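K.L.:
Mind having a look at this structure? Questions to follow.
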Amino acid sequence: MTSAPDFDEVIDRRGTHSSKWDMMSRNYGVSADTGIAMWVADMDFRPPEAVQRAVEDMARHGIYGYFGDDGAYLDAIRWWMAERHRWEVEPEAIMTVHGLVNGTGLCVQTWTEPGDGVVLFTPVYHAFARVIRAAGREVVECPLALDEGRYVPDFAAADAQMTGREKMVILCSPHNPGGRVWTVEELRGFADFAKRHDLILVSDEIHHDLIYPGQKHTAMPLAAPDILDRLVMMTATTKTFNIAGSHTGNVIIPDPHLRKRFQATLGAVGISPNSFGLHMATAAYSPEGAAWVDGLMTYLEGNREVFDDGLSAIPGIFSMPLEATYLAWVDFTGLGMSEAEVLRRVEGEAGIAANHGTTFGRGGDGFLRFNLATPRSRVEEAVDRLRRAFSDIQ
Ligand SMILES: Cc1ncc(COP(=O)(O)O)c(C=O)c1O
């Protein structure tokens, strides 16, 4: 028997080596005693009971040796992709890595050389640029355009930026930040862009299950089956089920030639699976996990509404309508304040740690990203604090 998840339960994560809560004072100067952590993308919820049971079974057995026989794990992935994304995945195409930042780094190592350009449509998840630069490659930032307050690709501008030195484009689908669920036409546009400039397209779809009711995500291999010879797709259970500490993700490569090259990199750096990650993911990709995600998205939809309604009462502040993800992307530029003044109010007065927009690349200035995956009472408290911190302009 499983009980319904209680997303309202406030669980104190302080003192548990939680990056989100235990690093917020160091990273943002916001006290963990009184502050609200709304930055890094993990949730303040327990995962489905099936995942807890998998870890408890491991603990009860008490031997933590190397993992072998990934048949059940691969079956669970295949079931999930077919059931939730109408996508048939070949088990041979799936390679398991230690999370998708790790996967991104391995892709950069596999298909680019130092000095090559890697294209990002910005603002975008900050770790992409960090990994590319750390590997001595150049980040080519192509800003997304804004159309009625939502991001859209500007392929003509991106085409004009290409020099011929670019070898790869990394797409975030759905997009973080801003939460766009790219349409099939837009996905086709990214695929054609990759073709036009002879780029490997890495499609990071880690947020693909966190889709709000009424929206539909399409896996890149379905949107653009004609580019499988240059496509690398990445997914994971970690964002969906809040198990990011298990550092497990999948790099899915339908084309056997591309796959061989990636496998050579895996061999060269000695990657083998994390048994906790595989046990948890196998349990998560199940009917019980699916019901949990449906409940989660209904709850997050409520949080999004509370947050957006509350912020819309402050003139000059605009929270982008999220189609996916729990990461609200808020534009403060309409206030005409300096970034320092906005941060003084948000961090200093409201005591809220949110990601700084500048870290997401071109187009991120003047924005902050707020993580809404926390009990409703905390979202309400955050809204109250923000309204007080900007009370002079209401
Ligand atoms: C687009 C994207 N990719 C990857 C990650 C992190 O992946 P992992 O924890 O598997 O390294 C995040 C985390 O927020 C993300 O937003």
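The values are calculated or read from the model by the stated rules, or taken from the named source; none is laboratory data. Predicted model only: the values in this text are computed from it and were never measured. We place every Cβ from the backbone using ideal geometry, glycine too, and count neighbours over all the protein chains shown. Note: areas computed on protein heavy atoms with side chains; ligands, DNA, RNA excluded. Shrake-Rupley method; radii C 1.70, N 1.55, O 1.52, S 1.80 Å.
K.L.:
Could you look through region 224-263, keep only residues that are among the hydrophobic types (A, V, I, L, M, F, W, C) and assigned to a loop (DSSP other than H, G, I, E, B), and pick out the one that is nearest to Trp111 (Cα to Cα)?
P.N.:
Result: Ile253.
K.L.:
Then there's this: Here is a check on your reading of the model: is Asp365 surrounded by fewer than 16 Cβ atoms within 10 Å (Cβ to Cβ), modelled with pLDDT of 95 or more and not in a helix (DSSP H, G or I)?
P.N.:
Considered against the rule, which asks whether it is surrounded by fewer than 16 Cβ atoms within 10 Å (Cβ to Cβ), modelled with pLDDT of 95 or more and not in a helix (DSSP H, G or I), Asp365 comes out as yes.
K.L.:
Do you know which residues across region 294-315 are out of contact with any strand residue (DSSP E or B) (no Cβ under 8 Å at 6 or more places or on another chain), among the aliphatic types (A, V, I, L, M) and in a helix (DSSP H, G or I)?
P.N.:
Matches in region 294-315: Leu296, Leu300, Val306.
K.L.:
Taking region 72-106 as the search range and keeping residues that are free of Cβ contacts under 8 Å to residues at least 40 places away in the same chain and within 16 Å of the ligand (Cβ to nearest atom), which one is surrounded by the most Cβ atoms within 10 Å (Cβ to Cβ)?
P.N.:
Gly105
K.L.:
Six or more apart or on different chains, Cβ under 6 Å: which pairs go from a residue in region 21-42 that's in a loop (DSSP other than H, G, I, E, B) to one that's open to solvent by 40 Å² or more (accessible area, probe 1.4 Å)? Could you list them?
P.N.:
Correct list of pairs: Ser31/Ser25; Ala32/Arg14; Ala32/Ser25; Val40/Ser19.
K.L.:
Just for region 46-56: of the residues that are in contact with a Ser or Thr (Cβ under 8 Å, 6 or more places away or on another chain) and not charged (D, E, K, R), which one is farthest from the ligand (Cβ to nearest atom)?
P.N.:
Among those that are in contact with a Ser or Thr (Cβ under 8 Å, 6 or more places away or on another chain) and not charged (D, E, K, R), it is Ala50.
K.L.:
Being charged (D, E, K, R), over 19 Å from Asp308 (Cβ atoms) and free of Cβ contacts under 8 Å to residues at least 12 places away in the same chain is the filter here; which residues of region 142-189 pass it?
P.N.:
Within region 142-189, Glu185 is the sole residue that qualifies.
K.L.:
Could you say which residue among Ala328, Ala340 is outside the structural domain of Ile94 (by the TED database) and open to solvent by 50 Å² or more (accessible area, probe 1.4 Å)?
P.N.:
Exactly one residue qualifies, and that residue is Ala340.
K.L.:
Looking at (1) assigned to a helix (DSSP H, G or I); (2) within 16 Å of the ligand (Cβ to nearest atom); (3) open to solvent by 30 Å² or more (accessible area, probe 1.4 Å), can you tell me which one Pro273 breaks?
P.N.:
Pro273 satisfies every listed condition except (1).
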